[in-house]
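S.K.: Right, I'll just put the structure down here and ask away after.
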Amino acid sequence: MGERPDLRVQLAPRHGRGLILSNPIMIASGIAGYGIEYGEVADIQSLGAVVCKGTTLMPREGNPQPRLLETASGLLNSIGLENIGVEALVRDKAPTWATWRVPVIVNVAGETVEGYVAVASKLEGVPGISGIELNISCPNVSAGGIEFCMRPELAARVTAAVRSATTLPLIVKLSPNAPDIKEVALAVEAAGADALTLINTLKGMAIDIDEKCPSLANAVGGLSGPAIKPLALYTVFETAKVTRIPLIGCGGIACGRDALEFIVAGATAVQVGTAGLTSPGVCITLLEEMERYMRDNGVDSITDLIGTARRES
Ligand SMILES: Cc1cc2nc3c(=O)[nH]c(=O)nc-3n(C[C@H](O)[C@H](O)[C@H](O)COP(=O)(O)O)c2cc1C
């Protein structure tokens, strides 16, 4: 058997300290909670990184039930950023993360620019936190979230404000609902983001025809899963043409080939969301499949595959 292929990727080349992952597979925000219980059923220490649940300044209960619904090839969720709040995260979760091999990235959410900055400031210098993923793309909260992602200037303003408040690597997660996601990506890159996550869920809904009302209590939810993979892939492919910072592909990834498609389209790393809800071990299977593909095709380093899709299309 030959040498193991090199799966390491650099997620924050513009950042002084950088953010090197041992492999490009990350668990997406909202899937593994804070990773602690999830870690009991899946070998998360072998992953490239874990992104924790969206975290706000104050604890949030989230939206009323029902807030999860299966659709054809997908899932609608309207969790509404239920979380324990940043102070409990720093006090109760970060000390465990500090003992882990896998880096943890905190997904930060807010309703105002000041709210985002306040959360980021509280994460500064906390052992166990390797980076911030700014969630300006949550589709199912009444204030903030996705609004920041709809206009390039607003997205840039929140990114720049958080950039000045943190020395951590800063990833910004964008929404496919933005009128022109490439414009938002360029604005956020110029405002100091180290990397971009593409994409969050798409706004969607379902109707109960017997009750004649929306099926989700919040009416609107975010669509995820295999149904959104082609759109996520297209977004990565198109955005990679105009940006220079690393892209993290996310949307419907469920096997090694899916992950490789994103990397060939231009992503440096990928996040697994919905697939990790139904089978917690999927990320490890995916990693093994990726490694096998590299061996079978004589690829020594995963970085040799990034963005190799033909550009003339
Ligand atoms: C139940 C659930 C909760 C989620 N919570 C968050 C969250 O707190 N913050 C965030 O940025 N994205 C959140 N997401 C979006 C995922 O991180 C991911 O971007 C999206 O689901 C698309 O990937 P997938 O098709 O692999 O699920 C959530 C998704 C689901 C299904």
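The values are calculated or read from the model by the stated rules, or taken from the named source; none is laboratory data. As the structure is a computational prediction, the values presented were derived from the model and not from experiment. Here Cβ is always computed from backbone atoms with ideal geometry, including for glycine, and neighbour counts include all displayed protein chains. The area values use the complete protein model at the heavy-atom level, side chains included, leaving out ligands, DNA and RNA. Shrake-Rupley method; radii C 1.70, N 1.55, O 1.52, S 1.80 Å.
S.K.: Quote the charge dipole size of the chain about the Cα centre in Debye, to the nearest 20; the model charges only the Cβ of Lys and Arg (+1) and of Asp and Glu (-1).
M.R.: Working: 26 positive and 33 negative charges, 120 e Å.
My answer is approximately 580 debye.
S.K.: OK, next. In terms of the Cα gyration tensor, with a ≥ b ≥ c the square roots of its eigenvalues, is the chain rounded because a/c is under 1.5, prolate because a/b exceeds b/c, or oblate? Before the final figure, lay out the partial values.
M.R.: On the way: a/c = 1.32, a/b = 1.19, b/c = 1.11.
Rounded is the answer for the chain, as its axis ratio a/c remains below 1.5.
S.K.: Turning to a different aspect of this structure: In the chain, what percentage of the DSSP-assigned beta bridges are antiparallel, given to the nearest 5? It would help to have the intermediate numbers written out before the result.
M.R.: Working: 15 of 42 bridges.
Around 35 percent antiparallel, to the nearest 5.
S.K.: Which pairs, out of Lys182/Lys229; Lys93/Lys173; Lys93/Lys241, put more than 28 Å between their alpha-carbon atoms?
M.R.: Values: Lys182/Lys229 18 Å; Lys93/Lys173 22 Å; Lys93/Lys241 38 Å.
Among Lys182/Lys229; Lys93/Lys173; Lys93/Lys241, the Cα-Cα distance tops 28 Å for Lys93/Lys241.
S.K.: Could you sort 147-156, 68-77 so that the peptide with the highest average Cβ count within 10 Å comes first and the rest follow in order? Write down the numbers at each step before the final one.
M.R.: Numbers: 147-156: 20.2, 68-77: 17.1.
Descending mean neighbour count gives 147-156, 68-77.
S.K.: Moving on to the next point. Take the alpha carbon gyration tensor of segment 142-291, find the square roots of its eigenvalues, order them as a ≥ b ≥ c, and report rounded if a/c is under 1.5; if not, report prolate when a/b exceeds b/c, else oblate. Write out the running numbers ahead of the final one.
M.R.: On the way: a/c = 1.91, a/b = 1.11, b/c = 1.73.
Cα axes put segment 142-291 in the oblate bin.
S.K.: What whole-number distance in Å separates the alpha-carbon centres of segment 232-296 and segment 69-104?
M.R.: 20
S.K.: Cβ neighbours within 10 Å, averaged per peptide: list 194-206, 118-130 in order, most packed at the top. Mind dumping the intermediate values first?
M.R.: Numbers: 194-206: 24.2, 118-130: 17.8.
Going from most to least packed, we get 194-206, 118-130.
S.K.: Can you show me the helix-derived [θ] at 222 nm for the chain, built from DSSP H runs with n ≥ 4 at -39,500 (n - 2.57) apiece and divided by the number of residues, rounded to the nearest 500. Mind dumping the intermediate values first?
M.R.: Details: 9 runs with 84 residues, N = 313.
Theoretical 222 nm ellipticity from helices: -7500 deg cm²/dmol.
S.K.: Suppose R0 equals 22 Å. What FRET efficiency, 1/(1 + (r/R0)^6) with r the Cβ-Cβ distance, do Ile209 and Ala72 give to the nearest 0.05? All intermediate terms of the calculation are to be shown ahead of the outcome.
M.R.: Numbers: r = 16 Å, r/R0 = 0.73.
With R0 = 22 Å, the Cβ-Cβ based efficiency is 0.85.
S.K.: Restricting to DSSP loop positions (anything but H, G, I, E, B) with no more than 12 other Cβ atoms inside 10 Å of their own Cβ, which trypsin sites (Lys or Arg not before Pro) remain in segment 1-47? Mind showing how you got there, number by number?
M.R.: Working: sites: Arg8, Arg14, Arg17; in loops: Arg8, Arg14, Arg17.
Of the trypsin sites (Lys or Arg not before Pro), the ones in loops of segment 1-47 whose Cβ has at most 12 other Cβ atoms within 10 Å are Arg17.
S.K.: Taking all protein chains as present, what is the carbon and sulfur share of the accessible area of segment 123-281, in % to the nearest whole number, probe 1.4 Å? Let's see the in-between values first.
M.R.: Values: 3160 of 5550 Å².
Accessible surface attributable to carbon and sulfur in segment 123-281 totals 57 percent.
S.K.: Using a/c under 1.5 as the rounded threshold, could you call segment 65-107 rounded, prolate or oblate? The axes a ≥ b ≥ c are square roots of the C-alpha gyration tensor eigenvalues, and prolate needs a/b larger than b/c, oblate otherwise. Before the final figure, lay out each step's value.
M.R.: Working: a/c = 4.34, a/b = 1.98, b/c = 2.19.
Here segment 65-107 falls in the oblate category.
S.K.: Can you give the accessible area per residue of the chain, in Å², using a 1.4 Å probe? List each step's numbers first, then the result.
M.R.: On the way: 13140 Å² over 313 residues.
Averaged over the residues of the chain, the accessible area is 42 Å².
S.K.: Another one. Hey, what did the chain get for relative contact order, percent, Cα under 8 Å, at least 6 apart?
M.R.: Working: 755 pairs, mean separation 61.8, N = 313.
It comes to 20 percent, rounded to a whole number.
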